[in-house]
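Note sheet for the following structure.
Here, each number is a calculation from the coordinates, and none is a lab measurement. Just so you know, these numbers come straight off a predicted model, no measurement behind them. All Cβ positions, glycine included, derive from the backbone under ideal geometry; neighbour counts span all protein chains shown.
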Amino acid sequence: MFGGNYIQKFVALILFIVSFFVAGDMSKANLYPEKTITESSTRTEFVFENKTGYRLDIMVKVDSIEREAVELGKGQWVAVPFSQYYSDGIENYKLYPTEKTTLHVEFVNSKGEEIPLASGTYRITVSYKSSGYSEQKTGSATFTFNVAADEIPSVS
């Protein structure tokens, strides 16, 4: 009587309608370096992926970047100075669920001079907010990343 195609369409319609009533999770986001970061890097790009289930304002803000200070003891972190800049061309400045954007970060001191990173483990904390008509939700997440030692070129 009903083919499998109709059932699939019906189930998809029901799931689509339910998605409007099920709250997303503002803690669900993903952030990773666009490419390998080496210790001589003075700037990098991070890919931010919206997995919250909400439409987000595009202004994802980097709150802090820290380096694990193994010389100070286990679990000690020190702040890394940085500057974030925006250059995305996402339409309407909105980031829909599953969409990605790039965060551009430069590592600079208080005088604005670029500083290279040391190899090791780092963590970055970002904050973001949903864009809605009735209420806004905020979220933040911390991600770790590694900075690799520069490769020494081999002499042949």
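Per-residue Karplus couplings for segment 28-42, computed as 6.51 cos²θ - 1.76 cosθ + 1.60 with θ equal to phi - 60°, are listed in order as 8, 8, 9, 9, 8, x, 5, 8, 4, 9, 10, 5, 8, 5, 10 Hz, Gly and Pro entered as x.
Between residue 108 and residue 121, the modelled labels are 3.0 nm apart [label points 7 Å from Cα along Cα→Cβ].
Cross-linked pairs 28/61; 111/137; 9/137; 74/111: Cα-Cα separations exceed 25 Å for 111/137; 9/137; 74/111. Taking amide H atoms as placed 1.01 Å from N in the peptide plane, the amide H of residue 77 lies under 5 Å from those of 69, each 5 or more residues away in sequence or on another chain. Amide H contacts for residue 137 (H built 1.01 Å from N in the peptide plane; partners 5 or more residues away or on another chain; cut-off under 5 Å): 130. Close amide H contacts of residue 64 (hydrogens built in the peptide plane, cut-off under 5 Å, sequence separation of 5 or more or a different chain): 125. Here the label points at residue 28 and residue 6, each 7 Å from Cα along the C-beta direction, are separated by 3.2 nm in the simple model. Among the GluC sites (Glu not before Pro) found in segment 26-59, those both in a DSSP coil and sparsely packed, with 14 or fewer other Cβ atoms within 10 Å of their Cβ, are 34, 39.
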